[in-house]
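Undergrad: After the structure tokens below, expect a handful of questions from me.
Quick note: the coordinates plus some simple rules give every number you see, no bench work behind them. Everything numeric here is computed off the predicted structure, so don't read it as measured data. Heads up, the Cβs are rebuilt from the backbone with ideal geometry, glycines too, and the neighbour counts pull from every protein chain shown.
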Amino acid sequence: MKSTDTHQPRPMIDLLLSIIIPSVILMKFSAAEYLGASNALIVALVFPLSRGLFELLKYQKFNFIAVLGLISVLLTGGIGLLQLDPQWLAIKEAAIPGLIGIAVLISTYTPYPLIRTLLYNPKLIHVDKVRQKLDEYGNSRVFENRLQNATYLLSCTFLFSSVMNYALAKWVVTSPAGSEAFNEELGQMTLLSYPLIAIPSMLMMMAIFYYLWRTIHGWTGLRLAEILVSQRPEEKQNKTST
């Protein structure tokens, strides 16, 4: 039987390959007696780049945010290897989440708001069941207004990340690109970005999801277990039989 791979989040592996290992390499192995500034930068970026390419190739599904992440890694390498002004690093750090936030905001004026891709999607929520209940109680229009509010909040989350990324890069990375000090500061920035930016952004996303769930529960009467998608029995059977 042919098995279909589905994406399984692995936060510890992502944390290790995208933040911890690259940061250690940049901060501890950039000296001339080890890898040197340029080689250390290349080796450090190989880990998140390989992880991102592996995800894209394995699941063979275009992901706008994942592609932007790969572009971000390549731009960081380009700035360091070409020894550009560190100002470009701050601009790049702000541009990636900023572009996502703008895309989320613009999507509210299209038939395909991105919140349906990121949060309100059939992989997370029983969308058909929710829609049926909303139609049954005549709350579909009100729910769409709440969904649009959630989209605005989601856009603000990415814009927060953009502003914080720029401020953090300007504060931490001040040495010339291509130098050992630049690599060390880049590693420090990567480590600091997790508690200062990634975790607050994650908490904001959870708050938006809670807002969405409370809205669905209030207008449909469905419990959380009835709203969220759980693994189907046939999927479990397929996994055990392959």
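Undergrad: Taking θ as phi - 60°, what are the ³J(HN,Hα) couplings along the stretch 39-46 by the Karplus curve (6.51, -1.76, 1.60), each to the nearest whole Hz, with x for Gly and Pro?
TA: Karplus-based 3J(HN,Hα) across the stretch 39-46 equals 5, 5, 5, 5, 4, 5, 7, 4 Hz.
Undergrad: Shifting gears a bit: Each residue of the stretch 140-148 in order: what ³J(HN,Hα) in whole Hz does its phi give by Karplus 6.51 cos²θ - 1.76 cosθ + 1.60, θ = phi - 60°, with x for Gly and Pro?
TA: 4, 5, 5, 5, 4, 5, 5, 5, 5
Undergrad: May I pose another question? Residue by residue, what Karplus-based ³J(HN,Hα) values in Hz, rounded to whole numbers, does the stretch 183-200 have, using 6.51, -1.76 and 1.60 with θ = phi - 60° and x for Gly and Pro?
TA: Here the 3J(HN,Hα) series is 4, 4, 5, 5, x, 4, 4, 5, 5, 5, 5, 5, x, 8, 10, 5, 5, x Hz.
Undergrad: Taking only the alpha carbons of the stretch 88-193, what extent do you get along each of the three principal axes, in Å, biggest first?
TA: Here the Cα extents, ordered largest to smallest, are 63, 24, 16 Å.
Undergrad: Let me ask you something else. Starting from the amide H of residue 125, placed 1.01 Å from N in the peptide plane, find each other amide H under 5 Å away whose residue is 5 or more places distant or on another chain.
TA: Under 5 Å from the amide H of residue 125: 229.
Undergrad: Between residue 127 and residue 13, what's the calculated FRET efficiency when r is the beta-carbon distance and R0 is 41 Å? Round to 0.05.
TA: 0.90
Undergrad: Return the distance in nm (one decimal) between the two label points of a simple spin-label model at residue 223 and residue 112, each offset 7 Å from Cα along Cα→Cβ.
TA: 3.6
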